[in-house]
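The values are calculated or read from the model by the stated rules, or taken from the named source; none is laboratory data. Small disclaimer: the values here were computed from a predicted structure and weren't measured. Cβ: placed from backbone, ideal geometry, glycine included. Neighbour counts: every protein chain shown.
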Amino acid sequence: GAGNGFQTLVLVKPDAVQRRLVGDVIGRFERRGFKLVAMKLLQADRGLLDQHYQHLQQKPFYPALLAYMTSGPLVAMVWEGYNVVRSTRAMVGDTDSAKAAAGTIRGDLSMHVSRNVVHASDSVETALKEIGFWFQRDELVAWECGDSQYTYGP
Ligand code: UDP
């Protein structure tokens, strides 16, 4: 069906777990029409985050980012559907919460770049890499969504 094979990684970050926003975030992707294909709650360790944020390791804020991302459990998910990488980034909003548009996850639920509630992969290539960092192959579930003719049309 439409969008098969297109997947992205979403993390509900530790601030959002502490603030009990997990359901709100999941609900947005569900209501949009995306299909959940993997999900787990875990405490991330430094090794995993060093891989995930490899491109940021030299930034001055990286130690604080590591402390934030290891401060408590987070929820890692893989979502699938048409244009999911781009659409998910649009739903997440600007990295800087203060600039994020109302209606986006960050624009609705967060105040500051250092506590910005979610991560979503920024390209199809990045998504493939990131899904591999966070999930084993057999943790992804292939299933048919029964409503796809209503979600996607003919
Ligand atoms: N971040 C931060 N301070 C900054 C920039 C980024 O704490 O000045 C954190 C923030 O949590 C952000 C993450 O680093 O989500 C990754 O940054 P990136 O530029 O990749 O933004 P994203 O893809 O998450 O929007």
Lys40: passes all of (1) surrounded by 17 or more Cβ atoms within 10 Å (Cβ to Cβ); (2) part of a strand (DSSP E or B) but (1)
Going through (1) among the basic types (Lys, Arg); (2) under 16 Å from the mean Cα position of the chain (by Cα); (3) farther than 19 Å from Val124 by Cβ one by one, Lys99 fails only at (2)
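Yes/no per residue for (1) in a helix (DSSP H, G or I); (2) within 17 Å of Ala127 (Cβ to Cβ):
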| site | (1), (2) |
| --- | --- |
| Thr8 | no, yes |
| Leu11 | no, yes |
| Ala16 | yes, no |
| Pro60 | no, no |
| Pro63 | yes, no |
| Ala67 | yes, no |
| Gly72 | no, no |
| Tyr82 | no, yes |
| Thr88 | yes, yes |
Here the residues within segment 24-53 that are within 17 Å of Thr151 (Cα to Cα) and charged (D, E, K, R) are Arg28, Glu30, Arg31, Arg32, Lys35
Exception for Val78 within (1) β-branched (Val, Ile, Thr); (2) out of contact with any helix residue (DSSP H, G or I) (no Cβ under 6 Å at 6 or more places or on another chain); (3) surrounded by 20 or more Cβ atoms within 10 Å (Cβ to Cβ) falls at (2)
- What do you reckon, is His112 within 16 Å of the ligand (Cβ to nearest atom), loosely packed, with under 12 Cβ neighbours inside 10 Å and over 20 Å from Val17 (Cα atoms)? no
Condition set near the ligand (Cβ under 6 Å from one of its atoms) and in contact (Cβ under 8 Å) with a residue 40 or more places away in the chain, scope segment 115-127, selection surrounded by the most Cβ atoms within 10 Å (Cβ to Cβ): answer is Asn116
Within segment 52-63, residues closer than 26 Å to Phe135 by Cβ and near the ligand (Cβ under 10 Å from one of its atoms) come out as His52, Tyr53, His55, Leu56, Lys59, Tyr62
Reported set for segment 128-145 where residues are of a type outside the set (Phe, Trp, Tyr) and away from the ligand (no atom under 14 Å from the Cβ) is Leu128, Ile131, Gly132, Gln136, Arg137, Asp138, Glu139, Leu140, Val141, Ala142, Glu144, Cys145
Among Val85, Val75, the single one that is more than 12 Å from the ligand (Cβ to nearest atom), under 19 Å from Phe133 (Cα atoms) and either aromatic (Phe, Trp, Tyr) or in contact with a strand residue (DSSP E or B) (Cβ under 9 Å, 6 or more places away or on another chain) (or both) is Val75
Condition set touching a residue at least 12 places away in the same chain (Cβ under 8 Å) and assigned to a helix (DSSP H, G or I), scope segment 129-154, selection surrounded by the most Cβ atoms within 10 Å (Cβ to Cβ): answer is Glu130
Only one of Ala127, Ala100 is under 19 Å from Ala16 (Cβ atoms) and at pLDDT 95 or above, namely Ala100
